[in-house]
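Notes follow the structure.
The values are calculated or read from the model by the stated rules, or taken from the named source; none is laboratory data. Computed from a predicted model, the values in this text were never measured in an experiment. As a convention, Cβ positions derive from the backbone with ideal geometry for all residues, glycine included, and neighbour counts pool all protein chains shown. What goes into the accessible areas is simple: the full protein's heavy atoms, side chains included, and nothing from ligands, DNA or RNA. Shrake-Rupley method; radii C 1.70, N 1.55, O 1.52, S 1.80 Å.
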Amino acid sequence: MKTRAQHDPSPAGAPTDAANSVTAAADWHPESWKARLEAQQVVYADREAVQRAADKLRSLPPLVTSWEIERLKGEIAQAQAGERFILQGGDCAEILAECRPEIITNKLKILLQMSLVLIHGIGKPVTRVGRIAGQYAKPRSSPTERGIIESGPGAGTEAELPSYYGDLVNEAPFTPEARTPNPHLMVRAYQHSAMTLNFIRSLLEGGFADLHHPEYWDLRFLENADLPDGRKGAYERMTRALADGLTLMENLGEARVHELTRAEFYTSHEGLNLLYESAQTRSVPRREGFYDLTTHLPWIGERTRQPDGAHVEFFRGIQNPVGIKVGPKADPAEIAALTEMLNPGNEAGKIVLIARMGAQHAADALPAIVEGVERAGRRVLWMSDPMHGNGIKTEGGIKTRSFDAILQEIEINADVHQKLGTVLGGVHFELTGEDVTECVGGASGVTEHGLNENYVSLCDPRLNYAQSLELAFLVAGKLGRG
């Protein structure tokens, strides 16, 4: 990553050259989405404050650069062709208060370690994309919720307040003040994203991505684990093989060792709040069209991909690669048509279809969607998100996910693509580098009774460090060379 909050190098709010906008539709501009119905719309009471926040964002340097975006697009095109694999992962929703060095370091560490396991197992280069430096907004199933006011006036009484939409929009405490959407939080989210990106860049340039010593990875979860099918021994053998392989490459003067120590890293988030996204969307010198410079890879959620909606209208005009979440009830013809709306030129590397079916639905729902898109001749990267369709609640009402269901959905995805002759080119996880207890199962032994030990997510449950690394081993085995 070459990103500080740096110049792209076009001035914020600079006049748009006609030559730079030729690839954008004639009826599109960065705020044309405002004429459409916006799903998950945030209602701000102070419109002048909204304008001040948007103007401030327009005046600030971009968070990422157009050449990074184009490089990622090229790598996604390679993954579409089966020549590369995309690993995308990070928090369900970032929290401003967790913009701390140790937390950022642990997120980067687990993604780097997972990527090396995948490189070794599947024999392909792996692109790392973090749900980081901007994943501050989350869609909600209802705009309001009922609860007990936690503090201040009315404390202890029941009330109906706006739902928590993430730190980009409002705050988590259940009080009228915290839950009121605050447009200045968009500026704070930008600032924290910039700090996060700066720190990641410093880590990578300082040699943090040197993965020569996988034998030092934290595999303590294997010590007392009751693993089936000799899995414990397989993990340990792969770890030794990784270390031996890197040593051999280095002794032979292999140039790719240097690449492993200076890994590229890209960012992604759901482009939910279009005020935030459009304020940082601009044209840049010597390139055509407009770029959303809040992130490299924004995606459209299952709740916001209406063909006539505001989100599709916004995303059809930007040059970034765009992800689309696709659930089990999706109409194959509509998904194919949606990819054409967002990528009328059928450009390679532009569209990532992220299947989030649920283990119980994937085998029935996924094949028809894949066949419909392929039949239409649309060029897309197929990715599996095994998290969002596998949410469950315990008897005590705790939201969790099953490690076994997550693994099962990935395996179903792989089998479907193998049968159809298409390519599963990536995986998309909600994970953290911390030892949280939010998902049950896996070798780390988290059970329903142990969920309360360290359950800290304000939204959806995430895989912990051990579960994430274990999944990397299993995915590498499923998709491996032999």
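Here is how the numbers come out for the structure above:
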read-out: Proximal charge balance of Gln408 [Cβ under 13 Å; K/R count +1, D/E count -1]; value: -2
read-out: Label-point separation, Gln41 to Arg188 (7 Å along Cα→Cβ), nm; value: 2.5 nm
read-out: Candidates per GluC sites (Glu not before Pro) in the stretch 382-482, loop by DSSP, up to 10 other Cβ within 10 Å; value: Glu395
read-out: 1.4 Å probe accessible area per residue over the stretch 275-317, in Å²; value: 25 Å²
read-out: For the stretch 322-422, fraction of C-alpha pairs farther apart than 20 Å, in %; value: 38 percent
read-out: Counted charge near Pro321, where neighbours are those whose Cβ lies closer than 12 Å (Asp, Glu -1; Lys, Arg +1); value: -1
read-out: Per residue solvent-accessible surface (Å²) - the stretch 373-482, probe of 1.4 Å; value: 39 Å²
read-out: Cut-off 10 Å between beta-carbons: net charge of the residues surrounding Thr144, Lys and Arg +1, Asp and Glu -1; value: +1
read-out: Hydrodynamic radius by Kirkwood, which averages 1/r over all alpha carbon pairs of the stretch 71-127, in angstrom; value: 12.8 Å
